[in-house]
1. Picking from 315, 25, 236, which is most flexible by a Gaussian network model of the chain using Cα springs under 10 Å?
2. Multiplying the sequence separation of residue 45 and residue 83 by 0.36 nm and subtracting their Cα-Cα distance, what value in nm do you get?
3. Going highest first, how would you order 281-291, 373-383, 297-307, 166-176 by mean Cβ packing within 10 Å?
4. For region 108-195, what relative contact order do you get, as a whole percent, if you take Cα pairs closer than 8 Å and at least 6 residues apart?
5. Hey, what did the chain get for relative contact order, percent, Cα under 8 Å, at least 6 apart?
6. How large are Rg and Dmax for region 359-422 when only the alpha carbon atoms are used, in Å?
7. Quickly estimate the mean residue ellipticity at 222 nm for the chain, helices only: each DSSP H run with n ≥ 4 gives -39500 (n - 2.57), and the total goes over all residues, rounded to 500.
8. Please give the helix 103-117 orientation as an angle from the longest Cα principal axis of the chain, in degrees from 0 to 90, rounded to the nearest 10.
Amino acid sequence: MSDYTVLSTQELQQVHMDLLEKFNKLKDENLALDMSRGKPSPDQLDLSNGMLDIISADTPLKAEDGTDVRNYGGLDGLPEAKAFFSNILNVSSNEIIIGGNSSLNLMHDTVARAMLFGVNDGETAWAKLPKVKFLCPSPGYDRHFSICELFNIEMIRVDMLEDGPNMDQIEKLVQEDESIKGIWCVPKYSNPDGITYSDEVVDRFASMKTKAKDFRIFWDDAYTVHHLTDKPDELKNILTACKQAGNEDRVLIFSSTSKITFAGGGIGVLASSENNIQYFKKLLAMQTIGPDKLNQIRHIRFFKNVENLSTHMKKHASIIKPKFDMVLNKLESEIGGKNIGSWVEPNGGYFISFNTLDGCAKTVVSMAKEAGVKLTGAGATFPYGHDPRDRNIRIAPTFPSLIELERAMDVFCLCVQLASVEKLLKEQL
Ligand code: PMP
């Protein structure tokens with residue numbers, strides 16, 4: 001199809017009329033489709049139903065070390081759960097805490113503790129400082145930004161590049177400003193761009209000089225095993241890199257099984273230096289007598305080892321890959337060559353990040369809503385909900401069925417075309 005940006009006013013007006021006619025027809029269909037949040041689909045959840053039968057009244061409910069999983073205790077997790085997640089994250093068992101059902105909860109509590117008590121013994125509570133700032137590579141995960149807003153942490157936007165956040169910007173900022181205490185990162189199959197940070201980016205994070213000695217990297221490795229291809233991206237181990245650079249307390253790694261087993265019914269984990277883990281355990285002991293060990297034993301007995309986990313993730317991929325392909329094919333056939341949008345084909349994760357022409361994202365989202373398709377709000381992927389170029393839209397293809405998704409993408413592509421033509425026409429008149 002032809003490049004919209006080189007069309008004459010008359011040609012654009014003709015295209016506009018055709019698109020509008022299609023749009024009005026779509027509106028009459030009274031669709032009600034949702035591509036707004038990265039939720040697993042029911043058939044993905046079915047993959048883990050075996051976990052529900054794995055323990056029963058007749059099953060021995062002792063962990064490897066003899067702990068009765070029905071009783072109190074095990075503050076930082078069962079040994080077999082720690083071993084399992086250590087293998088996934090490539091850290092040692094002493095560098096991990098098995099939490100409750102959500103990694104977001106662990107991130108929230110980690111920020112809350114830093115605000116109240118400081119990041120480790122002897123460090124100032126952030127809440128006592130006149131100002132606390134976080135760097136926010138954007139587009140990014142809206143719930144990270146919400147945590148900052150909740151704690152009145154000022155967010156500074158940092159650009160995302162093809163191999164991770166703009167490290168030149170980051171290094172400069174953290175060297176100059178002591179009030180910058182942290183950064184949010186989704187380093188593998190990032191939310192929403194779907195990219196994986198390069199080794200160079202990881203090394204620069206590990207070794208950069210920070211004015212704040214209590215600076216922390218919130219490394220949200222939510223999609224670490226969520227590959228969509230047989231050639232998964234590789235992410236360099238940041239804890240090892242930080243140790244080598246003499247900054248071993250700098251990174252806090254989070255992950256969970258929310259998109260592996262049951263979303264909201266999985267297991268969240270936190271990995272960091274032994275020093276940080278000891279400190280967190282001391283505070284955690286005031287917060288809980290221990291996490292849900294029944295859920296830990298369910299997960300461990302269901303997977304047994306990392307090889308089985310990998311087989312399980314391939315089953316997820318076989319369900320969601322056709323959905324990603326559907327989205328990408330639609331984008332290519334409807335938007336490709338028209339010079340009105342760009343996107344990245346991810347090798348894993350849960351999202352496809354789409355950039356419209358500048359100034360069109362909000363219009364596309366509201367047009368899609370009018371036609372019965374709910375998208376993630378425009379701006380949601382930026383701090384304070386403000387996308388300075390009003391162009392990024394996060395597409396979440398996993399939850400709808402393939403048929404619903406196809407329809408939703410027809411609407412999406414039509415709205416992108418319509419909004420783009422309207423913008424181009426306005427510029428020409
Ligand atoms: N981090 C990222 C990057 C996510 O995309 C999500 C889920 N959308 C979460 C964390 C939430 O994880 P959990 O369910 O473990 O709280």
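1. Of the options given, 25 has the highest mean-square fluctuation.
2. On the way: separation 38, 0.36 × 38 = 13.68 nm, distance 2.44 nm.
Stretched out fully, the residue 45 to residue 83 stretch lengthens by 11.2 nm.
3. Working: 281-291: 13.4, 373-383: 21.8, 297-307: 17.5, 166-176: 15.9.
Descending packing order for the listed peptides: 373-383, 297-307, 166-176, 281-291.
4. Values: 114 pairs, mean separation 26.2, N = 88.
Relative contact order comes out at 30 percent.
5. Details: 792 pairs, mean separation 111.4, N = 429.
The value is 26 percent.
6. Cα radius of gyration and Dmax of region 359-422 are 11.7, 34 Å respectively.
7. Numbers: 13 runs with 174 residues, N = 429.
Using -39500 (n - 2.57) per qualifying helix, the result is -13000 deg cm²/dmol.
8. 60 degrees
No lab work stands behind these numbers, since they all come straight from the coordinates. No experiment lies behind these values; they were computed from the predicted model shown. Cβ atoms come from the backbone with ideal geometry, glycine included; neighbour counts cover every protein chain shown.
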